[in-house]
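Can you read through this structure? Questions will come right after.
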Amino acid sequence: MLEEVERWLSERSWSVTDRPLHRLLAAKNATGQSVSVVLPALNEEETVGDIVAAIRRDLVRQAPLVDEIVVVDSGSTDRTSEVAAAAGARVVHRDTILPRLPAVPGKGEVLWRSLLVTGGDIVCFVDADLREFSPDFVSGVVGPLLTDPDVQLVKAVYDRPLTLSDGSASGTVAAGQGGRVTELVARPLLNLHWPQLAGFVQPLGGEYAARRSLLERLPFPVGYGVELGMLVDALHLAGLDALAQVDVGVRVHRHQDSRALGRMAAAIYRTAQLRLARGHLIRPALTQFERTGDGFEPRTYSVDTEERPPMAEIAEYQARRVA
């Protein structure tokens, strides 16, 4: 297995500089493929506008690589929608997509529904909380899909610095120490149960692109487990050599507190568990503790286990394809 991972790393792990933009545009023109960029967003008014503006400037106006930028707002209470629209994105509210099926909270829910409101042959997902955003995050992961017909899904690779509180105004930055749920939960799970995927540097990263023909055949965990579930299911559906990764530099974003990370970890573990033992469905809960005046008080949260079926099975999507 180690030999297979090493082979995959040498053949399916690239840098964004390996495919210059002019080469991507030539491939796009030659193949006629279209590209959609989707940003799932919840209360991201501080960052979503800069991301959309950068993509429009570099990959729509200067170089026509991206055909549409869609922000799917999952219920923001701030100005996320207004900022995104002003920057040039088409904004769609989650609850207006497939209204016959009530939406549930979760990132995966938004990504799943986005397939109904986008048209690209290639769909690129980008988290809306990124700071110091570079359009390389888009061109990097889209590139192999335009130039290599055998590639089906591409994940971004990057350094993830962690900002630590040290009493100063800005804190200190620990290089390479971000991605705590990846290192403590996802990477051990993948290495133990799906060792073919051990070569992925950022298996839970929110920046990746895939062919619509693959995405529409995948189930989508509705919550934080969506990235791990998608990677595992794509491995079984398309094979290891259909998966790839591209180094795009450094990813800077807002970090979650330890309780939020605990909930993410539980959802990711449950996503893996479902794939290891289908049929043993339990809706588990995670209890965490907060100190109050009376001691430690429990707070219990349900863990996302619901999944949406492959989009290709949804009647509205089938009708859209026919139309």
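The values are calculated or read from the model by the stated rules, or taken from the named source; none is laboratory data. Worth saying up front: this structure is predicted, and the values here are computed from it rather than measured. Reconstructed Cβ throughout: ideal geometry from the backbone, glycine too, with neighbour counts over all protein chains shown.
Which of the following residues is among the hydrophobic types (A, V, I, L, M, F, W, C), over 17 Å from Cys124 (Cβ atoms) and at pLDDT 90 or above: Ala267, Ala244?
Numbers: Ala244 fails: over 17 Å from Cys124 (Cβ atoms).
Going through Ala267, Ala244 in turn, the sole match is Ala267.
Looking at region 1-17, which of its residues are closer than 20 Å to Val66 by Cβ and without any contact (Cβ under 8 Å) to a residue 12 or more places away in the chain?
Thr17
Looking only at region 37-60, count every residue that is under 13 Å from Arg90 (Cα atoms) and surrounded by fewer than 24 Cβ atoms within 10 Å (Cβ to Cβ) and tell me the total.
3
Now a separate question. Output the residues belonging to region 229-248 that are outside any helix (DSSP H, G or I) and within 15 Å of Gly179 (Cβ to Cβ).
Keep residues of region 229-248 that are outside any helix (DSSP H, G or I), which gives 239, 243-248.
Across region 229-248, the qualifying residues are Gln245, Asp247, Val248.
Given the conditions (1) surrounded by 14 or more Cβ atoms within 10 Å (Cβ to Cβ); (2) not in a helix (DSSP H, G or I), which single one is not true for Leu9?
In the conditions (1) surrounded by 14 or more Cβ atoms within 10 Å (Cβ to Cβ); (2) not in a helix (DSSP H, G or I), Leu9 misses (2) alone.
Need the failing condition index for Glu297 against (1) assigned to a helix (DSSP H, G or I); (2) at pLDDT below 95, just the number.
With (1) assigned to a helix (DSSP H, G or I); (2) at pLDDT below 95 applied to Glu297, the lone miss is (1).
Quick check on this structure: which one of Arg19, Arg57, Arg23 is under 22 Å from Gly205 (Cα atoms) and among the basic types (Lys, Arg)?
Details: Arg57 fails: under 22 Å from Gly205 (Cα atoms); Arg23 fails: under 22 Å from Gly205 (Cα atoms).
After applying the criteria, what remains is Arg19.
Can I ask one more? Specify the residue that is nearest to Val154 (Cα to Cα); the eligible residues are those in region 13-49 that are assigned to a helix (DSSP H, G or I) and within 19 Å of the chain's Cα centre (by Cα). Give the derivation first.
At the first step, the residues of region 13-49 found to be assigned to a helix (DSSP H, G or I) are 16-18, 21-31, 48-49.
Now drop any that are not within 19 Å of the chain's Cα centre (by Cα), which leaves 16, 48-49.
Values: Val16: 12, Val48: 22, Gly49: 25 Å.
Once the filter is applied, the top-ranked residue is Val16.
Let me ask something additional. Being of a type in the set (Asp, Glu) and out of contact with any strand residue (DSSP E or B) (no Cβ under 7 Å at 6 or more places or on another chain), is that true of even one residue in region 62-82?
Here is the first cut: in region 62-82, the ones of a type in the set (Asp, Glu) are 67-68, 73, 78, 82.
From the residues that got through so far, the ones that are out of contact with any strand residue (DSSP E or B) (no Cβ under 7 Å at 6 or more places or on another chain) too are 78, 82.
Yes, that holds for at least one residue.
Among the listed residues Val48, Val37, which satisfies the condition of being of a type in the set (A, V, I, L, M, F, W, C) and in contact with a Ser or Thr (Cβ under 8 Å, 6 or more places away or on another chain)? Before the answer, list the steps.
Working: Val37 fails: in contact with a Ser or Thr (Cβ under 8 Å, 6 or more places away or on another chain).
Checking each option against the conditions leaves just Val48.
For region 61-92, what are the residues that are surrounded by fewer than 18 Cβ atoms within 10 Å (Cβ to Cβ), of a type outside the set (Gly, Ala, Ser) and over 18 Å from the mean Cα position of the chain (by Cα)? Talk me through it step by step, then tell me what you get.
Here is the first cut: in region 61-92, the residues surrounded by fewer than 18 Cβ atoms within 10 Å (Cβ to Cβ) are 61-64, 68, 75, 77-79, 82, 85-86, 88, 90.
Applying the additional criterion that residues be of a type outside the set (Gly, Ala, Ser) yields 61-62, 64, 68, 77-79, 82, 90.
Across region 61-92, the qualifying residues are Arg61, Gln62, Pro64, Thr77, Asp78, Arg79, Glu82, Arg90.
Sticking with this structure for a sec: From the residues in region 93-114 that are among the aliphatic types (A, V, I, L, M) and touching a residue at least 60 places away in the same chain (Cβ under 8 Å), which one is surrounded by the fewest Cβ atoms within 10 Å (Cβ to Cβ)? Before the answer, list the steps.
Here is the first cut: in region 93-114, the ones among the aliphatic types (A, V, I, L, M) are 97-98, 101, 103-104, 110-111.
Keeping just the survivors that are touching a residue at least 60 places away in the same chain (Cβ under 8 Å) gives 98, 104, 110-111.
Numbers: Leu98: 20, Val104: 13, Val110: 26, Leu111: 23.
Taking the candidates together, the pick is Val104.
To continue, here is another question. Taking region 62-84, which residues are assigned to a helix (DSSP H, G or I) and under 21 Å from Val123 (Cβ atoms)?
Of region 62-84, the ones assigned to a helix (DSSP H, G or I) are 80-84.
Result: Thr80, Ser81, Ala84.
Output the residues belonging to region 239-251 that are β-branched (Val, Ile, Thr) and surrounded by fewer than 20 Cβ atoms within 10 Å (Cβ to Cβ). Before the answer, list the steps.
Residues of region 239-251 β-branched (Val, Ile, Thr): 246, 248, 250.
Within region 239-251, just Val250 meets the criteria.
Hey, another quick one. Across region 273-293, which residue is modelled with the lowest pLDDT among those that are part of a loop (DSSP other than H, G, I, E, B) and among the charged types (D, E, K, R)?
From region 273-293, those part of a loop (DSSP other than H, G, I, E, B) are 277-284, 293; that's our starting set.
Filter once more, keeping what is among the charged types (D, E, K, R): 278, 283.
On the way: Arg278: 65, Arg283: 49.
Looking at residues that are part of a loop (DSSP other than H, G, I, E, B) and among the charged types (D, E, K, R), I get Arg283.
Also, I was wondering about something else. Restricting attention to region 209-228, report how many residues are over 30 Å from Tyr301 (Cβ atoms), in contact with a strand residue (DSSP E or B) (Cβ under 9 Å, 6 or more places away or on another chain) and either basic (Lys, Arg) or not in a strand (DSSP E or B) (or both). Even if it seems obvious, please write down each step before you answer.
Step one: of region 209-228, the residues over 30 Å from Tyr301 (Cβ atoms) are 209, 211-214, 216-217.
Now restrict to residues that are in contact with a strand residue (DSSP E or B) (Cβ under 9 Å, 6 or more places away or on another chain): 209, 211-212, 214.
From what is left, the residues that are either basic (Lys, Arg) or not in a strand (DSSP E or B) (or both) are 211-212, 214.
Adding up the residues that qualify gives 3.
Does Val181 meet the test of being at pLDDT 95 or above and either under 30 Å from Arg61 (Cα atoms) or outside any strand (DSSP E or B) (or both)? Walk me through it before giving the result.
Details: at pLDDT 95 or above: no; either under 30 Å from Arg61 (Cα atoms) or outside any strand (DSSP E or B) (or both): yes.
Criteria not met by Val181.
Could you check region 25-36 and list, in sequence order, the residues that are without any contact (Cβ under 8 Å) to a residue 60 or more places away in the chain and either crowded, with 23+ Cβ neighbours inside 10 Å or among the β-branched types (Val, Ile, Thr) (or both)? Walk me through it before giving the result.
To start, the set of residues in region 25-36 that are without any contact (Cβ under 8 Å) to a residue 60 or more places away in the chain comprises 25-26, 29-30, 32.
Once the filter is applied, which keeps residues that are without any contact (Cβ under 8 Å) to a residue 60 or more places away in the chain and either crowded, with 23+ Cβ neighbours inside 10 Å or among the β-branched types (Val, Ile, Thr) (or both), region 25-36 yields nothing.
For every residue, the table says whether it meets (1) among the aromatic types (Phe, Trp, Tyr); (2) closer than 22 Å to Ser15 by Cβ; (3) surrounded by fewer than 17 Cβ atoms within 10 Å (Cβ to Cβ).
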site	(1), (2), (3)
Val201	no, yes, no
Ala210	no, yes, no
Leu214	no, no, no
Val226	no, no, no
Leu237	no, no, yes
Gln256	no, no, yes
Tyr269	yes, no, no
